[in-house]
Amino acid sequence: MDSRTSFRWVLTVFAALAAVLTACEIPRRGTGVDNPVAQVIVSPDTLTIDPLQTYQFRAFGRTQVGDSVPVSVGWAASAGAITQAGMYTADTSAADVTVTATLSSSAVSGGASVRKRRVIRIVISPKNVTVLAGAGEQFTVYGLRNTGDSVGVAAAYDATGGTISASGAYT
């Protein structure tokens, strides 16, 4: 086979391949009229953070047929602050927060719940104690958060009868 015949054969194969690919119906991607965004998904959908902590939220669209697509959204938060890039900063209030992402081109939106960790109870140990005159007892305190975990807290001790130091040593 000479080089011209080989070249013509290769060109014929490429032309046939191009014709087949052109004739194929390739489904459209994106959010055209046939596949509008039906839902905005905010990720994560729930979050627990400390007051003043920051977190980067993300959003994507879901079409009526279930495809995930990138979307342009505006962000809002019921408390704290959120940038238009989705960076949320919790405030110091006790209120839990709803973060919302709304499509720039329509009213379709999605949301996330933000729960702030906060101390809801102070625990002193020991709870009850009898101390003989001249004897002593060491008290300690810690906080319990709304999430169930414990956390150290600064406490000011006060006692009726006897004396108690700033570190909780009672006499």
Handout entry: Radius, Kirkwood style, for region 51-113 when every pair of distinct Cα atoms is counted (Å)
Key = 12.4
Completion exercise
Label model pair Gln138, Ser109: point-to-point distance (7 angstrom along the Cα→beta-carbon line) in nm is 5.4
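Tally Lys and Arg at +1 and Asp and Glu at -1 over the other residues with C-beta under 13 Å from the C-beta of Gly80: what net charge comes out? Numbers along the way, then the final one.
Numbers: positive: Arg115, Lys116; negative: Asp50, Asp91, Asp96.
That works out to -1.
Rule-based calculations on the coordinates, nothing more; no lab input. Everything numeric here is computed off the predicted structure, so don't read it as measured data. No Cβ is skipped: glycine too gets one built from the backbone with ideal geometry, and neighbour counts run over all protein chains shown.
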